[in-house]
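Q: Questions regarding the structure given below will be posed in turn.
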Amino acid sequence: MPVQTEWKTFSGTIGTCRVYIASMEAVQEPRPIVIIIQEIWGVEEHIEDVTRRFAEAGYVAIAPDLFAVNGVRPEELNQARLQVAKTFLHSLPHSAWFNPQEREAAILKEPSEQQDILRETLNALFGMLSPAQSSRFIDILTDTATYARHSLEETKGMPVTSVGFCMGGLLSALLATKDPEHAGSIVFYGRPPQRGIEDIPCEIPWLLWGTRPQYYESAARFSRGNEKAWQIVRGCSLSECKPCVL
């Protein structure tokens, strides 16, 4: 049975939210929900593909566009510009990503007509890592969970879970601290939140990428702060994300 996809908007507590939804065609009754939470690159081709794969497994999968403001993505964060920024950053040592001086030196080596555009996109992109933006992202995610539970015909009354990658991994865990009805979170190589651990209503498998020891150590410390059973799976990678993890 083919998967159907669409972009929808709905009214949330902080304005209009924009979401990418995938489900099996001809859904006859409500199905469980998986909220797919983006990396810093936005809801791009890979996140859309993951969303469709969860739909193929029988869920209704919803990927909120966290960069959209009142349902519209800012021009400096459109998908074409984010792809250019991603290619540029991947050409640098990872340490240079968060070093403005090193980043600027690399920008100055790019063609002059691209420098201002690249600079504007990178400033906007890294601005999305601020605490204020994280709070806005959580508002969008809790609005999406409420919308799925109470308004979307294909999912009304059904449990909501989430899966997130890197930045989205942290947000997947944070969503569990903010939503008392949350049914489960999957975290792919995201850093643990520092507050609200005791409020988490569900178990959270923590799938960690590669061999970065700081991820294992921080996840282990977080697990000791929660009475729930946490599972830490070592060595998985983004390419191995399968719907069966839920």
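Q: In region 140-154, how many are assigned to a helix (DSSP H, G or I) and either surrounded by fewer than 17 Cβ atoms within 10 Å (Cβ to Cβ) or hydroxyl-bearing (Ser, Thr, Tyr) (or both)?
A: Final tally of qualifying residues: 5.
Q: Look at residue 109 and say whether it is free of Cβ contacts under 8 Å to residues at least 12 places away in the same chain and either more than 18 Å from the chain's Cα centre (by Cα) or not in a helix (DSSP H, G or I) (or both). Quick ask: steps written out before the conclusion?
A: On the way: free of Cβ contacts under 8 Å to residues at least 12 places away in the same chain: yes; either more than 18 Å from the chain's Cα centre (by Cα) or not in a helix (DSSP H, G or I) (or both): yes.
When the stated conditions are applied, residue 109 passes them.
Q: Tell me, yes or no, whether region 35-51 has at least one residue that is in contact with a helix residue (DSSP H, G or I) (Cβ under 9 Å, 6 or more places away or on another chain), charged (D, E, K, R) and at pLDDT 95 or above.
A: No.
Q: Of a type in the set (Phe, Trp, Tyr), assigned to a helix (DSSP H, G or I) and touching a residue at least 60 places away in the same chain (Cβ under 8 Å) - does that describe any residue in region 62-73?
A: No - not one qualifying residue is present in region 62-73.
Q: Given the conditions (1) closer than 26 Å to residue 24 by Cβ; (2) touching a residue at least 60 places away in the same chain (Cβ under 8 Å), and given that residue 137 satisfies all but one, which numbered condition is not satisfied?
A: Condition not satisfied by residue 137: (1).
Q: Checking residue 9 against (1) at pLDDT below 95; (2) out of contact with any helix residue (DSSP H, G or I) (no Cβ under 7 Å at 6 or more places or on another chain); (3) under 24 Å from residue 150 (Cα atoms): exactly one of these is not met. Which one?
A: Going through the list (1) at pLDDT below 95; (2) out of contact with any helix residue (DSSP H, G or I) (no Cβ under 7 Å at 6 or more places or on another chain); (3) under 24 Å from residue 150 (Cα atoms), residue 9 breaks only (1).
Q: So, one more: Could we say that residue 120 is in the same structural domain as residue 15 (by TED's automatic domain parsing) and either within 16 Å of the chain's Cα centre (by Cα) or among the acidic types (Asp, Glu) (or both) here?
A: no
Q: Test of understanding: among 92, 118, 129, which residue is more than 13 Å from residue 42 (Cα to Cα), among the aliphatic types (A, V, I, L, M) and surrounded by fewer than 17 Cβ atoms within 10 Å (Cβ to Cβ)?
A: Details: 118 fails: surrounded by fewer than 17 Cβ atoms within 10 Å (Cβ to Cβ); 129 fails: more than 13 Å from residue 42 (Cα to Cα).
Just one listed residue meets the conditions, 92.
The values are calculated or read from the model by the stated rules, or taken from the named source; none is laboratory data. Keep in mind the model is a prediction, meaning the values are calculated, not measured. We place every Cβ from the backbone using ideal geometry, glycine too, and count neighbours over all the protein chains shown.
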